Amino acid sequence: MQTVDFFTPVVDDPFLFGQIAAANALSDVYAMGARPVLALALVAFPTAALPGEVLEEILRGGAEKVAEAGAVIGGGHSIDHDIPLYGLSVTGLAEEKRITPNAGAKPGDALILTKPLGIGITVCAGRADSLAAEGVGRLFRRRLLADGSFDEAARVMAALNRPAAEAMEGTAIHAATDVTGYGLLGHAHEMMAASGTTAEFSVERIPLLSQARRLAARGIAPDGSRVNVRNLKPRTEIGAGVTDEDILLLCDAQTSGGLLVALASEDAGAYVARCRDRGAKEAAVVGRVVERGEKLLRVVK
């Protein structure tokens with residue numbers, strides 16, 4: 001398996017940024033049921049604007065996360081650029097029969113999500129708080145985030161999807177994908193289109209970061225999440241009682257989100273339990289796969 005991903009900072013702490021970017025890049029390998037073995041670092045850095053110690057911390061954070069995954073960084077490439085960028089090209093290994101594609105979901109399958117949603121919304125609120133503290137933004141008189149809320153989001157972003165991948169061993173996984181910039185509904189739509197099926201999600205089953213619903217109710221969300229809503233709402237059958245706030249949360253753009261896994265319903269409980277035992281504490285059954293309908297997505301209360 002070979003994959004690549006990189007992006008600009010989502011947090012102010014350079015070490016934490018390196019960890020999050022590395023965890024995100026490793027996720028595609030985990031989604032395919034593979035074990036990462038080698039990574040190459042991809043770096044762009046404004047050497048005239050930021051001290052070298054910042055770059056050192058980004059690289060250290062990434063290297064420690066790769067080591068946590070049981071892989072090694074074998075080198076990489078860097079350029080001088082006006083904004084920082086960091087990520088990895090990752091090589092992983094898997095037996096061919098154990099590869100989990102993003103196609104193959106079957107009617108009757110359960111859908112499991114292994115990390116909570118709300119990362120994009122929470123990070124957006126954290127940035128607004130930072131700007132207000134610096135006197136740049138005065139739209140909000142009070143802080144948007146409660147103490148510890150941003151740390152919660154950072155913890156989720158920096159967490160590897162290794163527990164969810166290792167929990168797949170011994171179970172027939174029909175389809176899997178990681179949930180990132182297109183939100184839960186966007187990545188589910190891709191899976192259903194490839195599988196010839198429809199996904200039905202239950203709002204009440206979706207795990208969320210602690211402040212996500214409150215922030216969504218206030219209309220706080222990044223532009224990417226709003227674009228996702230515009231693109232995906234017309235493609236979704238929306239059940240009675242499902243609100244615009246619910247759809248925003250399911251469309252929220254995630255950074256280093258969890259895995260969306262489709263497997264036989266009778267195996268779902270055991271898979272969730274294994275995920276939680278290995279450290280993915282918020283893993284949950286969030287929906288099911290049904291026969292293909294007029295739309296590929298359905299959201300019910």
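Values as computed for the structure displayed
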read-out	value
Number of the exception - LEU55 against (1) in contact with an Asp or Glu (Cβ under 6 Å, 6 or more places away or on another chain); (2) part of a helix (DSSP H, G or I)	(1)
Residue count for the stretch 214-272, restricted to those that are hydroxyl-bearing (Ser, Thr, Tyr) and touching a helix residue (DSSP H, G or I) at 6+ places or on another chain (Cβ under 8 Å)	4
Any hit, the stretch 227-246, residues being in contact (Cβ under 8 Å) with a residue 60 or more places away in the chain, in a helix (DSSP H, G or I) and not charged (D, E, K, R)	yes
Among the candidates ALA221, ALA262, ALA270, ALA199, residue that is under 16 Å from the mean Cα position of the chain (by Cα) and in contact (Cβ under 8 Å) with a residue 60 or more places away in the chain	ALA221
Single residue of the stretch 28-69 satisfying the filter (among the basic types (Lys, Arg) and surrounded by 15 or more Cβ atoms within 10 Å (Cβ to Cβ)) that is nearest to the chain's Cα centre (by Cα)	LYS65
The stretch 269-281 - residue that is open to solvent by less than 60 Å² (accessible area, probe 1.4 Å) and either outside any helix (DSSP H, G or I) or among the aromatic types (Phe, Trp, Tyr) (or both) and, of those, farthest from ALA110 (Cα to Cα)	GLY279
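The values are calculated or read from the model by the stated rules, or taken from the named source; none is laboratory data. Predicted, not measured: the structure shown is a model, and the values here were computed from it. Note that we place each Cβ from the backbone using ideal geometry, even for glycine, and neighbour counts take in every protein chain shown. Heavy atoms of the whole protein, side chains included, go into the accessibility calculation; ligands, DNA and RNA do not. Shrake-Rupley method; radii C 1.70, N 1.55, O 1.52, S 1.80 Å.
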